[in-house]
Amino acid sequence: MSRLDSMLRRLTAQRDGLNWATQEISLLTGDVLDLGLGNGRTYDHLREVMPERRIWVIDRVLQCHPSCVPPEENFLQGEAAPMLDRLAEGGHKLALAHYDLGFGIKEKDVAEAAKLSPVIARVMVPGGVIVSGQPLVGFKEIEGPEGIPEGRYMFYRAE
């Protein structure tokens, strides 16, 4: 598979997974989190499909497309664990989290996701959904939407 085809498959899975998760949380109260802003494509999609929800964004640096800059009060810049702690300490709860952090080294990315899993759990509402490009621990893995190749994206329910 070419790198272009692989990227298209990943982006399609991401969009389809987020659209599915949006329906899964429709009856839950809580905010949304985009953990790893990058260039802002996912954040832009989330604010389009869930305009009524507050969308928090965490990233080490703000370097997204100018049309995708989140409001200052919703952007937490820094390492993920302290920023997630800040959300928890502020009493904020999440119905949906999208996990897309990474260093680009698989072993390091998996270890980081495992380390952050308990901190993510602290801010999730019971029944909330996590859509993740990395395996998380301590959550119930659930079946996502049809058509997403196994391992491309993972879906979890907070308890």
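All of the numbers you see were taken from the coordinates with simple rules; none came from a lab. In this text, all values refer to a predicted model and were calculated from it rather than measured experimentally. Glycine gets a Cβ as well: all are built from the backbone with ideal geometry, and neighbour counts include every protein chain shown.
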Estimated [θ] at 222 nm from DSSP helical runs (n ≥ 4, -39500 (n - 2.57)) normalised by residues in the chain, nearest 500: -12000 deg cm²/dmol
Estimated dipole of region 11-159 in Debye, rounded to 20 [Cβ of Lys and Arg +1, of Asp and Glu -1, Cα centre]: 120 debye
Region 140-159 versus region 31-53: alpha-carbon centroid distance in Å: 19 Å
